[in-house]
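The values are calculated or read from the model by the stated rules, or taken from the named source; none is laboratory data. From a predicted model like this one, the values you see are computed outputs, not experimental measurements. In this analysis, Cβ positions are derived from the backbone assuming ideal geometry, glycine residues included, and neighbour counts consider all displayed protein chains.
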Amino acid sequence: MNTSHSDTLFAQACQVIPGGVNSPVRACKSVGCDPLFVASAQGATVTDVDGNEFIDFVGSWGPMILGHGHPDVLKAICDTAAGGTSFGAPSPLEVELAELVCESVPSLEKVRFVSSGTEATMSAARLARGYTGRNMVVKFDGCYHGHADSFLVKAGSGVITLGIPGSPGVPDDIVKNTLSIPYNDSEVLEKTLRDEKLDIACVIVEPVAGNMGVVVPELEFLQKLRQLTTELGIVLIFDEVITGFRLALGGAQERFNITPDLTCLGKIIGGGLPVGAYGGKKEIMDQIAPDGPVYQAGTLSGNPLAMAAGLAMLKLVRQPGFYQELEEKADEYVEKLRKIAADAPIPTVLNRIGSMMTCFFTSEPVTDFASAMKADTNRYGQHFRQMLASGIWLAPSQFEAAFISSAHERIHLEKALKMTESSFSKLAG
Ligand code: KE4
């Protein structure tokens, strides 16, 4: 495969951008190759600057649930841009999207838009601290909530992909107020939350983990989490930056029928443009400035282009049957994938819920961070490179999710299955 333009661009990029990328996981360090530079994307495929076309299972890390370049989304952005790109003042689209998000996610009585998932979770944690007057944040090993200081403790995603212990630059004074405990462990959860020495403001959780690879929670774990946080007056934050509008219109909280106090959103609600959001009970959200004393702000929050893209995307996913069709498409693909894996000469574990999944190169069930870390990342890297060479674009890390979109047709999925079978047989060699 000719990658000469990508190679030239990467060399240039490394002179002016740290690691040549604007987000670490894109550097492909953990999968043993240099990154390809994308020229364009359409539907289920991306095309690199050398003209190589790939079937895309990254979907920009989640936003592209409709596939790339959906005409309705592009039109909304272009039509809105004709009227200007940013006003620094309220605009009608913010109200329309806020109403649609609150209608789609019933636990949201009010919502505040920001420009990234990191801003959403950072603000939600500050709000929980301001609302409760307490300081500690409890998170779970392997869950990633963006790169705010408080959360870079045993985080997932790029932190584990690059083997960054927490991160230099995060003062001990900050992380002493963050406690990270094992995911899916109800016993440690109860012991921790009931520890009266701990001044816990909130628990933040990925209601389905996507950042240690996909790990589906035991329902009893989420139910116990809701029961304990209610009893102890601790704010329960669902970080649905990935699962929001992915697993159902109402996200994981709809799928599992568990109502958090605050929800963080991102990715899909921006239609591919920079949007994050946090929202929840009016009683809590009214603590946010300018109504309340908890400060949070953003120059481009509620940006009209991003609002327009998000509105176009949500109107499409709200169409009757959208999630059922996506679920059925994923069911058929995963059933075939499991057969291929079962016949493969190497051990794999496939974790999947809805249209998000991860194939772990391990022989044991993956139910938490410790078991995820037993996966063979070298073998994943070999699989990644083999699949890329055969036209399939997977996440450049064992500890991420693969996504199927409504733009993935049978022809795309059949090719991916064929290439997976071929790759698995080579891995055994
Ligand atoms: P951003 O700040 O990257 O928009 O969102 C942070 C975030 C928060 N919460 C969850 C559950 C997330 O998954 C993320 C970001 N996801 C990663 C991939 N797993 C983004 C990809 C990247 O870091 O380049």
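Matching residues to (1) within 20 Å of Gly142 (Cα to Cα); (2) touching a Gly at 6+ places or on another chain (Cβ under 7 Å):
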position	(1), (2)
Ser167	yes, no
Asp195	no, no
Glu206	yes, no
Glu231	no, no
Phe245	no, yes
Phe256	no, no
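Please give the helices (runs of 4 or more DSSP H) falling wholly within region 143-232 in which 1 or more residues are in the same structural domain as Pro274 (by TED's automatic domain parsing) and away from the ligand (no atom under 16 Å from the Cβ).
On the way: elements: 158-161, 172-175, 186-193, 219-232.
Ranges flagged: 172-175, 186-193, 219-232.
Quick one: Glu325 ticks every box in (1) touching a residue at least 60 places away in the same chain (Cβ under 8 Å); (2) buried (at least 17 other Cβ atoms within 10 Å of the Cβ) bar one, so which box is it?
So the condition that Glu325 fails would be (2).
Touching a residue at least 12 places away in the same chain (Cβ under 8 Å), within 20 Å of the chain's Cα centre (by Cα) and within 13 Å of the ligand (Cβ to nearest atom), is that true of Gly250? Steps first, please.
Numbers: touching a residue at least 12 places away in the same chain (Cβ under 8 Å): yes; within 20 Å of the chain's Cα centre (by Cα): yes; within 13 Å of the ligand (Cβ to nearest atom): no.
So Gly250 fails the test.
Output the residues belonging to region 104-123 that are crowded, with 23+ Cβ neighbours inside 10 Å and within 12 Å of the ligand (Cβ to nearest atom).
Matches in region 104-123: Val114, Gly117, Glu119, Ala120, Thr121, Met122, Ser123.
Identify the residue in region 274-303 that is of a type in the set (Ser, Thr, Tyr) and either part of a loop (DSSP other than H, G, I, E, B) or without any contact (Cβ under 8 Å) to a residue 12 or more places away in the chain (or both) and, among all such residues, is surrounded by the most Cβ atoms within 10 Å (Cβ to Cβ). If you could, list the steps in order and put the result at the bottom.
Our first condition is that a residue be of a type in the set (Ser, Thr, Tyr); within region 274-303, this holds for 278, 295, 299, 301.
Narrowing the set further to residues that are either part of a loop (DSSP other than H, G, I, E, B) or without any contact (Cβ under 8 Å) to a residue 12 or more places away in the chain (or both) leaves 295, 299, 301.
Values: Tyr295: 12, Thr299: 8, Ser301: 19.
Within region 274-303, the match that is surrounded by the most Cβ atoms within 10 Å (Cβ to Cβ) is Ser301.
Among the residues of region 15-26, count how many are under 24 Å from Pro274 (Cα atoms) and either more than 16 Å from the ligand (Cβ to nearest atom) or free of Cβ contacts under 8 Å to residues at least 60 places away in the same chain (or both).
Let us first name the residues in region 15-26 that are under 24 Å from Pro274 (Cα atoms), namely 16-26.
Of the ones still in play, those that are also either more than 16 Å from the ligand (Cβ to nearest atom) or free of Cβ contacts under 8 Å to residues at least 60 places away in the same chain (or both) are 16-22.
Final tally of qualifying residues: 7.
Ser40 passes all but one of (1) within 16 Å of the ligand (Cβ to nearest atom); (2) small (Gly, Ala, Ser); (3) free of Cβ contacts under 8 Å to residues at least 40 places away in the same chain; which number fails?
Status for Ser40: all satisfied but (1).
Per-residue answers, yes or no, for (1) surrounded by 21 or more Cβ atoms within 10 Å (Cβ to Cβ); (2) under 26 Å from Pro207 (Cβ atoms); (3) of a type in the set (Asp, Glu):
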site: Tyr333; (1), (2), (3): yes, yes, no
site: Arg338; (1), (2), (3): no, yes, no
site: Phe361; (1), (2), (3): yes, yes, no
site: Asp376; (1), (2), (3): no, no, yes
site: Arg385; (1), (2), (3): no, no, no
